Structures are given as structure tokens and as C-alpha cells.
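What follows draws every value from the coordinates through simple rules; no lab data is involved. Quick caveat, the model's predicted, so the values are computed rather than measured. Note that we place each Cβ from the backbone using ideal geometry, even for glycine, and neighbour counts take in every protein chain shown.
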Amino acid sequence: MPTLEERVNRDLAAAMKAKDEAALRGIRAIKSAILLAKTDGSGQPIDEAREVQILQKLIKSRQDSYEIYVNNNRPDLAQKEMEEIEVIKRYLPAMLEGAELEGAVREIISEVGATSLKDMGKVMAVATKKLAGKAEPRLISEAVKKLLGV
């Protein structure tokens with residue numbers, strides 16, 4: 001399976017040939033973020049978890065910009081941000097939702113031995129690590145609350 005960087009380089013060439021401006025902006029942003037992560041001096045390897053973290057950070061910053069543009073009545077700029085978000089999302093692994101997420105949280109609850117809402121902190125600590133990049137933290141929290149009986 002190719003790394004994120006290899007996929008980005010391949011897709012960048014395809015986007016250039018297709019003259020797809022939205023894809024070019026999004027892919028170049030990913031390429032830039034990967035390069036920054038490689039040269040940030042932290043010495044951390046860029047594994048799959050770090051790739052997901054980088055992509056989520058890019059999406060979050062674009063969502064923030066999107067909201068600012070919408071609030072300031074700039075639909076043209078808001079549209080560009082939304083296009084880039086869609087491009088970046090293509091590189092994220094499929095997110096867990098609904099029954100799949102509840103199943104994963106149920107496993108974590110039994111693994112931790114949680115029985116009531118008092119154990120939510122323990123469950124969330126394990127769940128956020130195990131499900132990082134696979135589910136939104138808000139949805140994880142909702143699933144934990146539901147399964148612990150709130």
C-alpha cells in the first residue's frame with residue numbers, strides 16, 4: 001500500500017494534467033503539511049496515525065476559515081475552502097459511525113471494565129487513543145455516554 005506522500009505525488013500529477021484547480025489546492029496543502037512535518041525537528045516518524053493527524057488539522061483549519069467566510073458574507077472564498085476540505089477528506093481512512101463505532105466502544109468498555117458513568121474518563125482515555133483518526137471525538141463521547149447509560 002502506498003504511503004500518503006506517494007499517493008499525494010501521484011494525484012498531484014493527475015490533477016495537473018486534468019487542470020483541476022480545487023484538487024491542486026488541496027493536494028498541494030497536504031504535500032506542504034507533510035514536508036513541514038518531516039522537517040519540524042521533532043524526530044517523530046510519519047506513520048499512519050501522524051498522517052491522519054496532519055490531515056485532520058488541515059481540515060479543521062479550513063472549516064474554521066469556511067465559517068469565518070460564511071459569517072462575513074464571502075461565499076466565493078467559503079466555496080474554495082469547502083472544495084479543499086472535500087479533496088483532503090479523500091485521503092482520510094473511512095470513519096467509524098453508528099453501529100460500527102458502538103461496537104468498538106463496547107469492546108473498549110469491557111476491556112477497561114467500566115460499569116457506570118463514573119468510568120467515562122477511563123473509557124475515553126483508551127477510546128480516543130485507539131480510535132484516533134477513525135472516529136470523531138464528539139461521536140466517541142456520545143457513544144460512550146449512551147453505552148454507559150446516560
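A few remarks follow.
- Put a dot 7 Å past the Cα of K130, heading toward its Cβ, do the same for T3, and the two dots end up 2.9 nm apart.
- When the chain is described by a simple charge dipole with +1 on each Lys and Arg Cβ and -1 on each Asp and Glu Cβ, the residue from A37, A99, L139 located farthest towards its positive end is A37.
- Value of [θ]222 nm, deg cm²/dmol, for the chain, DSSP H segments ≥ 4, -39500 (n - 2.57) each, nearest 500: -24000 deg cm²/dmol
- Here the dipole of the chain is about 180 debye; that uses its Cα centre as origin and unit charges on the Cβ of Lys and Arg (positive) and Asp and Glu (negative).
- Contact order normalised by residue count of the chain, Cα under 8 Å, 6+ apart, percent: 21 percent
- Charge-dipole axis of the chain as Lys and Arg at +1 and Asp and Glu at -1 on Cβ define it, positive-most pick from Q63, I109, A125: A125
- Evaluated on segment 4-89, the Kirkwood hydrodynamic radius is 13.6 Å, with distances taken between all distinct Cα atoms.
- Computed as a quarter of the hull surface, the mean projected area of the alpha carbon convex hull for segment 98-147 stands at 2.9 nm².
- Three-way shape label, segment 52-150, alpha-carbon gyration tensor, a/c 1.5: prolate
- Here each label is just a point 7 Å from Cα along the line to Cβ, and for R25 and D40 those points are 2.4 nm apart.
- Among S42, S116, S65, residue whose mean-square fluctuation peaks in a GNM of the chain (springs only between Cα atoms under 10 Å): S42
- Magnitude of the charge dipole, segment 4-89, Cβ model with Lys/Arg +1 and Asp/Glu -1, debye to 20: 180 debye
- The percentage of C-alpha pairs in segment 79-122 whose separation is greater than 16 Å is 58%.
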